[in-house]
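One structure is given below, encoded as structure tokens.
Here, each number is a calculation from the coordinates, and none is a lab measurement. All of these numbers come straight from a predicted model, not from anything done at the bench. Positions of Cβ are backbone-derived with ideal geometry, glycine not excepted, and every protein chain shown enters the neighbour counts.
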Amino acid sequence: MSNNSLVSISDYSKEEILAILDSAASFEANPNRKTLEGKVIATLFFEPSTRTRLSFETAVIRQGGSVIGFSDAATSSSSKGETLNDTIHMVSCYADAIVMRHPLEGAARYAAEVSPVPIVNAGDGANQHPSQTLLDLYSIMKTQGTLENQTICLVGDLKYGRTVHSLIMAMSHFHPTFKFIAPDELKMPDEYKVFCHKNNIPFTEVSELTDNFNDADILYMTRVQKERFQDLMEYEQVKNVYTLKNAMLENTKPNLRILHPLPRVTEIDPDVDVNEKAYYFRQAQNGLYVRQAIISKVLNLC
Amino acid sequence: MSTKELKVAALRNGTVIDHIPADKLYKVVSILHLDTCEHQITIGNNLDSAKVGKKGIIKISDRAFKEDETNKIALIAPNAKINIIRDFAVVEKRPLCLPEEIREIVQCANPNCITNHQPVTTRFHVLNNDGEIMLKCHYCEREVRRDEAKIK
């Protein structure tokens, strides 16, 4: 096993997280650095995720590396019944590192155990997606100047949303205050509330969006997915209540920034896009620099 | 030892696992791989027990189980008693304790976990959550309560 793999955000200490963010800042200042010249990075996407794949592949190409891989399991030998173990061993004969997206939870941890080259988890089912978490942290750092003592409102699907769960874990190093804003059906699971209690992280829970984020530094929106609801009537009600509109931002703090892992559907009205507090597209761009930093770290280049 | 207790033949050398809940006996057999063990084995089940109602007992001749082997059954039969026998005498009474990590014997409850789809040996970390024992899947990171754990 290669110890350099990044499977879960909890694999990184506070110092490692901060070092990645520093490195990402230097990539932002100068993204075209040929540090991966002669290196081959595999992007194995056992389920499609165009946004994440393009971001990783751009990160490699901007550093002068080359990319091999597939974007859909249907075009890989796993469709012929090859085990993940065999695919990883085969690809590691060719590539210096493997970026992997897989629909099954735990696939990345398993791949990291059997792989002779580092694995970067680009999402394993509903479990972990650490590059998303690191780009969220980078966006908070960049817009607020620090990660310390932030008041962060998490909104939407807090039950199944892996990005919000990982964000709680990662922010636990930096004395945050959380507000969980979610409909009853999609409330934050107990294990994360227990985690907050254990780590002395104050949090409150409400089910109304309007007027509940005026003290926030970060408003982290997530997509409320239709398939999470058994009763579609309830979905329609929730969907309308959980739409952020520009007018709702009137009394918010000047330093507030709105984040969203994207893609968004109806949870942020397009009229918010012109507000300077809307940060979600820049956030996606930050993903490139953070992924450059991650690939460099797993290959011991920084 | 009085004769009326000897419902199952006495053992000269080996291991006695006593006070197994009757409904867990065959799980214990499977966890310890006794189905492929070549030593003499005596199995008794549904014996009367003041402690657990109906109990099972297993006697394995000429084999002293190591602690990490017997601890595997702590998950399903935490109150079972392990006695190591030499020359008809108990030379060690061993309490069971849950290991920090449980391999192989538990199946992950998450249907979307890699271990339920590929030939992966399961691994669970044993956590103590304010007195409640939880098992956390090493792979998919989901936690289940000890009594919800599915034994393979």
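Using the Cα centre of the stretch A:123-231 as the reference point, and only Cβ charges (+1 on K/R, -1 on D/E), how large is the resulting charge dipole? Debye, rounded to the nearest 20.
Numbers: 10 positive and 15 negative charges, 55 e Å.
That gives the stretch A:123-231 a dipole magnitude of about 260 debye.
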Residue by residue through A:124-132, how many Cβ atoms from other chains fall within 10 Å of the Cβ on average?
3
Charges at C-beta only: +1 for Lys and Arg, -1 for Asp and Glu. How large is the resulting dipole of the stretch B:54-152 about its Cα centre, in Debye rounded to 20?
440
Counting Lys and Arg as +1 and Asp and Glu as -1 over every other residue whose Cβ sits under 13 Å from the Cβ of B:Ile41, the net charge comes to -1
With -39,500 (n - 2.57) per DSSP H segment of 4 or more residues and division by the full residue count of chain B, the 222 nm estimate, nearest 500 deg cm²/dmol, is -1500 deg cm²/dmol
Environment charge of A:Ile61, counting only residues whose C-beta is closer than 15 Å and scoring Lys/Arg +1, Asp/Glu -1:
+3
How big is the Cα convex hull of the stretch A:131-284 in projection, averaged over all directions, in nm²?
8.3
At 0.36 nm per residue, minus the direct Cα-Cα distance, what do A:Asp72 and A:Glu276 gain on full extension? Give it in nm, one decimal, please.
69.8 nm
Gyration tensor (Cα) of chain A, equivalent ellipsoid semi-axes in angstrom:
33, 22, 18
Rounded to the nearest 0.05, what FRET efficiency do B:Asn13 and B:Arg103 give with R0 = 22 Å and r taken as the Cβ-Cβ distance? Could you check?
0.20
Over all viewing directions the Cα convex hull of the stretch A:176-241 casts an average projected area in nm² of 4.9
By average C-beta atoms within 10 angstrom, highest first, the peptides A:112-121, B:108-117, A:126-135, A:65-74:
A:126-135, A:112-121, B:108-117, A:65-74
Under 5 Å between amide H atoms, partner at least 5 residues away or on a different chain: which partners does B:Tyr139 have, H built in plane at 1.01 Å?
B:Arg123
Charges on Cβ only, +1 for Lys and Arg, -1 for Asp and Glu, centred on the Cα centroid of the protein assembly as shown; of A:Ile98, A:Phe195, A:Gly161, which one is farthest towards the dipole's positive end?
A:Ile98
A:Asp184-A:Leu262 FRET efficiency (beta carbon distance; Förster radius 22 Å; 0.05 resolution)
0.30
With no solvent and one point on each alpha carbon, what is the Debye value of log10 I(q)/I(0) for chain B at q = 0.11, 0.17, 0.20 Å⁻¹?
-0.47, -0.99, -1.23
Can you bin every Cα-Cα distance in the stretch A:228-302 into 10 Å intervals starting at zero and give me the percent of pairs per bin, rounded to whole numbers?
16, 34, 25, 18, 7, 0
Amide H of B:Ile133 versus every other amide H placed in the peptide plane: which residues, excluding those fewer than 5 positions away on the same chain, fall under 5 Å?
B:Arg146
Exercise: per-residue mean of other protein chain Cβ atoms within 10 Å, A:93-105:
2
Select from the stretch A:3-45 those GluC sites (Glu not before Pro) which occupy a DSSP coil region and have at most 11 other Cβ atoms within 10 Å, ordered by residue number.
A:Glu37
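Could you give the dipole magnitude of the protein assembly as shown about its Cα centre, charging the beta-carbon of Lys and Arg +1 and that of Asp and Glu -1, in debye to the nearest 20?
Dipole magnitude for the protein assembly as shown comes out near 1120 debye.
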Neighbouring partner chain Cβ atoms per residue of B:109-120, average, 10 Å criterion:
6
Take every Cα-Cα pair in the stretch B:11-94 and report what % of them are more than 18 Å apart.
35
GluC sites (Glu not before Pro) restricted to the stretch A:210-278 and DSSP loop, no more than 16 other C-beta within 10 Å:
A:Glu250, A:Glu276
GluC sites (Glu not before Pro), restricted to the stretch B:1-91: which are DSSP loop and have at most 16 other Cβ atoms within 10 Å?
B:Glu38
